[in-house]
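Read through the structure below, which is laid out as structure tokens, and then see the notes.
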């Protein structure tokens, strides 16, 4: 669960547009998911790419695995049904606990995704299987011997907030809030690059925090150990026919839960900035992956940036606005903004902080507290390279009158996640279609 506290902003006008969403039938959109009840065909020769912060993290090691192995966890069933309704070909999952043997992910895929789900609906969604997946270690919950929050406490007990705040990335135990890439297409494992250990201090012109007297917040020992990525950054090439599309996956820390030094806001800025630097040869010279390979993405490579980036370009608390620079990058196609009718309806119904926002509520991807919190925000992104054509997009956020509305609900707690699944259809040569 990632929140961003709200600044007061003028209210954006609400309006509702049709949006298309491929659901239970692989080639057709599910009428109930559309909000306005008009089914549309999914165009042939397209690949659906999605990101979803599923909020499937436990409170202690092994808790989430135990929950998932039972096969009857209500939250996991709701999350799985949303994925089945949208039926993406490539999916990044944020906030699913990581374990070295991948048992947590396998339990979710086998006990939930591979079983047809249905909430308040006699017509179940179609089960979905992903023959290819990638997981890797993350920094969340990895202990340090440093006092990162400068509260005077070191070596706190695992499972406590004191431990989590001094970990390489906020986490009460190693692997909490992990990531996973699921794909119907092969993943070129020989060319995967991970950036879990790239040090924050090695980024030129970084935003490392300072104290009130302008002295560094982190001492030299801490900077020797502290990575840039609060979870990890991955470059995973997906092989679609004869071409590779690089999935650039990450989950930056939320820019809150700190003090006036803004250490989390500054880290969020630089975590997002890493992708901006990665897309150009000149700016990527400092980037070294976990195998020692230097540099960024080749100019001719196709890519899709995926993840809960924890930054809204108009609202929330990401004041440094690294996300705006990423959206304006010449290699990034950000013109297509995924939308939902349910997001606009929720913002109007919930009011509170939503009434003071500048952003279009149809583009919101997260439902957060409205009275003492940030309201609803756009935090989750699917951003393709400009050489890839876009055939459609959406945010899975049904209206209140929709029979599948209980999958998202109104506010907190939600049955599934406080984030919404975001998807985008990419047009590829007609002879290339995924196996479903």
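Tabulated results
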item	result
Expected-Rg normalisation [2.2 N^0.38 Å, Cα atoms] applied to the stretch 184-283	1.27
Helical contribution to [θ] at 222 nm, DSSP H n ≥ 4, -39,500 (n - 2.57), averaged over the chain, rounded to 500	-4500 deg cm²/dmol
Relative packing of 406-415, 333-342, 165-174, 78-87, which averages over residues the other C-beta atoms within 10 Å, highest first	78-87, 165-174, 333-342, 406-415
Taking the convex hull of Cα positions in the stretch 84-177, its mean projected area over all directions (nm²)	7.8 nm²
Calculated FRET efficiency for the pair residue 400/residue 158, C-beta based, R₀ 56 Å, to 0.05	0.85
Relative frequency of Cα-Cα separations exceeding 19 Å in the stretch 295-436, percent	55 percent
Normalised per residue, the volume of the convex hull around the Cα set of the stretch 163-226 (Å³)	145 Å³
Between 0 and 90°, nearest 10: helix 263-278 axis offset from the chain longest Cα axis	70 degrees
Net length gained if the chain between residue 100 and residue 124 were fully extended (0.36 nm per residue, minus Cα distance)	5.4 nm
Potential lengthening between residue 72 and residue 412 on full extension [0.36 nm per residue; Cα-Cα distance subtracted]	120.3 nm
Rotationally averaged projected area of the stretch 308-379 (alpha carbon convex hull; nm²)	4.7 nm²
Kirkwood-type radius of the stretch 108-152, with distances r between different C-alpha atoms, in Å	14.7 Å
Gyration tensor over alpha-carbon atoms, the stretch 246-338, equivalent ellipsoid semi-axes in Å	23, 17, 11
Percentage of interatomic Cα-Cα distances in the stretch 222-273 larger than 19 Å	42 percent
Rounded, prolate or oblate (a/c below 1.5 giving rounded, otherwise prolate when a/b exceeds b/c) for the chain by Cα gyration tensor	rounded
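Coordinate-derived values only; no laboratory data. Because the structure is a prediction, the values reported are computed rather than measured. Quick reminder, even Gly has a Cβ in these numbers, built from the backbone with ideal geometry, and neighbours come from all protein chains shown.
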